[in-house]
Amino acid sequence: MSDTNLALNLKKRPTSPSALFGSLMTGLAGACLALTLIPLFLVLAFVLVQGFSRINHSLFTELPPPPGLSEGGLGNAILGTLIVVAIAVAIAVPIGVLAAVYLSEFSGNNQIAKAVRFCTNVLSGVPSIIAGIFAYGLFISTKIFSFSAIVGGVALAVLMLPTIIKTTDEALQIVPQEVRWAALGIGAYNYQTVLKIVLPAAIPAILTGITLAIARAAGETAPLIFTALNSNFWPDGIFKPISTLAVSVYNFATVPYEAQNQLAWAGSLILVFMVLLTSVLARWATRQKTY
């Protein structure tokens, strides 16, 4: 039989059940992808349309307007968000990275390590409002601190810790064991191997986890209502109430004033861009591949 006849016979042959099933699953996966992306793009487009008209210089440099007035901005909330998130990063990153280093490099997968990993998985599923109540009960109700940026940072740090610990732990485990053996073989101590070989190799993935944790913390509202409260003025220290974007959006979206409602949309758009920026930074950090 010639090659031409063989090709014609193959074309006439009915499609096998496995091929039909594969095509069906591919189409189903594509439909599920579309159902996921369409609401996402609709939400982003709606926030962009509603909030873009209010983006101007005063939005970033002025205080919120009193009820009934249209002039003003969210300068204090933007600055307050940066302060609270910076406090959370300063608390969560050292603790999370050191905990992950212990789990991956020094624990030997003992019972303590298993317990810490279990608690980390549980903590990652705890609602954010619980973190706010925890910080409120630990610091505010006991009169250690009042409503302030520092307590808000602690609440956000609790939410950031699981992401940082899990991603750092996984990043360190990706580094091949042969790299550690090579460093030990030339006389390096264990801590030198971790600090100078393993951690630098895992930095891109660690930065990805940190940026994802920051993106989550920046958009949280409930913990900050219980901890940082709110303020209509510029930040006056980390031990006093402070305004944040998430809380300002929540407050302005519920009042019957058009100017405040527009500020809520503008604040939502800024939060979306902040999350987008952290995601882009995470992608940029992972361009340098780990082992």
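The values are calculated or read from the model by the stated rules, or taken from the named source; none is laboratory data. Note that this is a predicted model, so its numbers are computed, not measured. Note that each Cβ is placed from the backbone with ideal geometry, even for glycine, and that neighbours are counted across all protein chains shown.
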Item to complete: Can you give me the ranges of the helices (runs of 4 or more DSSP H) entirely in the stretch 59-174 with at least 1 residues that are out of contact with any Ser or Thr (no Cβ under 6 Å at 6 or more places or on another chain) and under 16 Å from Leu229 (Cβ atoms)?
Response: 75-101, 128-135, 149-174
Worksheet item: Do any residues in the stretch 197-221 that are more than 24 Å from Val154 (Cα to Cα) have Cβ atoms under 6 Å from those of residues that are at pLDDT 85 or above and of a type in the set (S, T, N, Q), where the two are at least six apart or on different chains, and which pairs are they?
Response: none
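Which of the residues that make up the stretch 238-268 are among the small types (Gly, Ala, Ser) and out of contact with any helix residue (DSSP H, G or I) (no Cβ under 8 Å at 6 or more places or on another chain)?
Across the stretch 238-268, the qualifying residue is only Ala259.
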Worksheet entry | Test for Gln288: is it buried (at least 17 other Cβ atoms within 10 Å of the Cβ) and either touching a Lys or Arg at 6+ places or on another chain (Cβ under 8 Å) or at pLDDT below 90 (or both) | no
Worksheet item: Which residues, taken from the stretch 190-249, are basic (Lys, Arg) and either within 19 Å of the chain's Cα centre (by Cα) or within 15 Å of Val151 (Cα to Cα) (or both)?
Response: Arg216, Lys240
Worksheet item: Out of curiosity, is Ala77 in contact with a Gly (Cβ under 7 Å, 6 or more places away or on another chain) and within 17 Å of Phe273 (Cβ to Cβ)?
Response: yes
Practice prompt. State which residue pairs qualify: first residue more than 15 Å from Ala264 (Cβ to Cβ) and inside the stretch 46-72, second residue aliphatic (A, V, I, L, M) and surrounded by 12 or more Cβ atoms within 10 Å (Cβ to Cβ) in any location, beta carbons under 7 Å apart, and separation of 6 or more residues or different chains.
Written response: Phe60/Ile78; Leu69/Ala259
